[in-house]
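**Student:** Pasting in a structure now, in C-alpha cells, and then I'll have a few things to ask.
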Amino acid sequence: MNPIFSLYRFLSDFKSAFYRNWIKKQFLIFGEGAHIEKIDSLSHPEKISVGQNVYIGHHSVLEAITKKCDKSFNPEITIGDNTRIGDYSHLGSIRFIHVGKNVLMGRYVLIIDHSHGDTADLINSIPPFERDLKTKGGITIEDDVWIGDKVSILSGVTIGKGAIIGANSVVVKDVPAHNFAAGAPAKVIFGDNN
C-alpha cells in the first residue's frame, strides 16, 4: 500500500475517532456502541439522549431549541437503541421527539415538532424568522418503524409500532401500528386497520 495513502488513512481515522469521543460527551446520554458521524449542526445536546448501538449519519442536524423570540422551551429528543438515522437528516424540537428502538430512517428525513408562526402571522406580514415557534405537540415514533428517504414528519404525530412510511411522504396525522402510509399528505395504503 502507498505510504502516503496509509498516512492519510491513519490521520483521517484518528480525526474521526477524536471527533466522536469529544462529541458524545456533550449529550445527556450517549449509549454504548452508538456511533455519530460528522454532523452539520448540534444544538443543546444536553437535552438529547442517544441509546445503545444507534447510528447517526453524516451531515445530520440535531436541534433542541430552548429559546426563540423571548419564549423559552424545554425540549427533549430521545433516540432508542439500535436505531439508524440516515445522512442529511434533521430532528428539531421545542417539545419532544421520541424515537423508539430498532427504527430505520432513510436519508434526508425531517422530523420537526414546530413551525414558524401561523396564518395570523402570514396575514400580519411578519417575516418567517421573526415569528414565534408554534407546535401542535410532540412527535412519537414507536419501535420497529421504517421511514423512507425524504420523509417529513410534522408536529403532533404518532407513528405506531412496525409502521412503514413511504419515501417522499409528508406525515401530518397519526399512522397506526403495522400500517403502510405514503403520500403528501401521507395516507394509510394498507395494513391492519385498512
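The values are calculated or read from the model by the stated rules, or taken from the named source; none is laboratory data. Treat the numbers as computed from the prediction; the structure is a model and nothing was measured. Virtual Cβ from ideal backbone geometry, glycine too; neighbours counted across all protein chains shown.
**Student:** Under 8 Å between Cβ atoms, at least 6 apart or on separate chains: pull out the pairs that start in segment 125-136 with a residue that is free of Cβ contacts under 8 Å to residues at least 12 places away in the same chain and end on any residue that is among the small types (Gly, Ala, Ser).
**Tutor:** Short answer, once both residue conditions are applied: Ile126/Gly117.
**Student:** I'm trying to understand the selection: among the residues of segment 59-86, which are in a loop (DSSP other than H, G, I, E, B) and among the β-branched types (Val, Ile, Thr)?
**Tutor:** The answer is Ile65, Thr66, Thr83.
**Student:** Test of understanding: among Asp87, Asp70, Asp113, which residue is without any contact (Cβ under 8 Å) to a residue 24 or more places away in the chain and either acidic (Asp, Glu) or over 30 Å from Gly162 (Cβ atoms) (or both)?
**Tutor:** One residue alone meets the criteria, Asp70.
**Student:** Among Glu142, Glu63, which is buried (at least 17 other Cβ atoms within 10 Å of the Cβ) and without any contact (Cβ under 8 Å) to a residue 40 or more places away in the chain?
**Tutor:** One residue alone meets the criteria, Glu63.
**Student:** Can you tell me which residue among Val54, Val109, Val103, Val61 is among the β-branched types (Val, Ile, Thr) and more than 16 Å from Ile153 (Cα to Cα)?
**Tutor:** Val54
**Student:** Could you grab me the full set of residues in segment 1-37 that are among the hydroxyl-bearing types (Ser, Thr, Tyr) and more than 24 Å from the chain's Cα centre (by Cα)?
**Tutor:** Ser6, Tyr8, Ser12
**Student:** Would you call Asp113 among the acidic types (Asp, Glu), farther than 21 Å from Phe30 by Cα and at pLDDT 95 or above?
**Tutor:** yes
So that you can scan it fast, the table gives a plain yes or no per residue for (1) at pLDDT 95 or above; (2) part of a strand (DSSP E or B):
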site	(1), (2)
Gln52	yes, no
Tyr88	yes, no
His98	yes, yes
Asp121	no, no
Ser125	no, no
Thr140	yes, yes
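**Student:** Scan segment 1-26 and report the pairs whose first residue is within 20 Å of Ser43 (Cα to Cα) and modelled with pLDDT of 75 or more and whose second residue is among the aromatic types (Phe, Trp, Tyr) and surrounded by 10 or more Cβ atoms within 10 Å (Cβ to Cβ), with Cβ atoms within less than 9 Å and a gap of 6+ or a chain change.
**Tutor:** Ile23/Phe30; Lys24/Phe30
**Student:** For segment 127-138: of the residues being part of a loop (DSSP other than H, G, I, E, B) and surrounded by 17 or more Cβ atoms within 10 Å (Cβ to Cβ), which is modelled with the lowest pLDDT?
**Tutor:** Only one residue tops the list, namely Arg131.
**Student:** Let me ask something additional. Look through segment 161-180, keep the residues that are crowded, with 21+ Cβ neighbours inside 10 Å and part of a loop (DSSP other than H, G, I, E, B), and return whichever of them is nearest to the chain's Cα centre (by Cα).
**Tutor:** Ser169
**Student:** With the requirement that a residue be among the basic types (Lys, Arg) and either within 22 Å of Asp149 (Cβ to Cβ) or touching a helix residue (DSSP H, G or I) at 6+ places or on another chain (Cβ under 6 Å) (or both), what does segment 49-90 give you?
**Tutor:** Within segment 49-90, Arg84 is the sole residue that qualifies.
**Student:** Of all residues in segment 68-85 being of a type in the set (Ser, Thr, Tyr) and closer than 12 Å to Gln52 by Cα, which is surrounded by the fewest Cβ atoms within 10 Å (Cβ to Cβ)?
**Tutor:** So, considering only residues that are of a type in the set (Ser, Thr, Tyr) and closer than 12 Å to Gln52 by Cα, the one surrounded by the fewest Cβ atoms within 10 Å (Cβ to Cβ) is Thr78.
**Student:** Any idea how many residues of segment 155-169 are out of contact with any Lys or Arg (no Cβ under 8 Å at 6 or more places or on another chain) and either among the aliphatic types (A, V, I, L, M) or at pLDDT below 95 (or both)?
**Tutor:** 4
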